[in-house]
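Each remark here refers to the structure printed beneath this line.
The values are calculated or read from the model by the stated rules, or taken from the named source; none is laboratory data. Remember, it's a predicted structure, so these values are computed and weren't measured experimentally. Cβ coordinates were reconstructed from backbone atoms using ideal geometry, including for glycine residues, and neighbour counts include every protein chain displayed. Note: accessible area is taken over every heavy atom of the protein model, side chains too, but ligands, DNA and RNA are not part of it. Shrake-Rupley method; radii C 1.70, N 1.55, O 1.52, S 1.80 Å.
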Amino acid sequence: MRKSETVNSLQWLEVKCNIMREVDALGGFLREVGDNLMHLAIDISELFRSQQEPDKIVEALHILDCRNLRSLRICLFPNLLNPVGNEVALVDRASDCLAKLLSVITPTICRVTIVLGYNDMPLEACKLIKWELLQDVDWDRFKDIELVAIGLMPRHSDRLTEINARDHIRSRMPSLHNRGLLHFEAMTFWDESIAPALLRKAAARR
């Protein structure tokens, strides 16, 4: 079947995948339209509750086919209000998956936003994330990188909780912080503010 003109010109995609079958479908779609995409927002946080392996997810997504991607917004960490037992392993898998995705995405990327969840994430859960894996990503291969944003989605947390989370993340990723790349945002996941800004910037360069 012929791709429509609308699909051929697709530059912005927002999607949530709850099961592996949906990831497979998304991966197939990205193989078709990946060259056109400039902005991808994806939520795969529920996958890790079903013990999906990071390598399988990364392979199925075909994010390598998004060769001109400028921004990636991704939510991998489910709500963890009481991070014990199996949920520790869940965060480990999500951390590994994030690091593997960042190691294979196109070097054209200029902005990465990592969303930490839909509800308040306690500091104990924040500390479980393997921030050192993100610190070790080869950020130098992204020649146009401007921003690595951590999206905090507070609903009821007090200011001190947020400050402590920010301080912990900065301490775990000192090189990004020292280079001025690490930022924090209070946000909802489907915040579209980045897309128009980047499109305007790209248009200005033409």
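What the table below lists for this structure:
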| read-out | value |
| --- | --- |
| Within-10-Å neighbourhood charge of Leu128 [Cβ basis; K, R +1; D, E -1] | -1 |
| In nm, spacing of pseudo-spin labels at Glu59 and Ile163 (7 Å Cα→C-beta vector) | 4.7 nm |
| Probe 1.4 Å - accessible area at Arg70, Å² to nearest ten | 40 Å² |
| Theoretical gain in end-to-end length, Ser50 to Arg141 [0.36 nm per residue, Cα-Cα removed] | 29.5 nm |
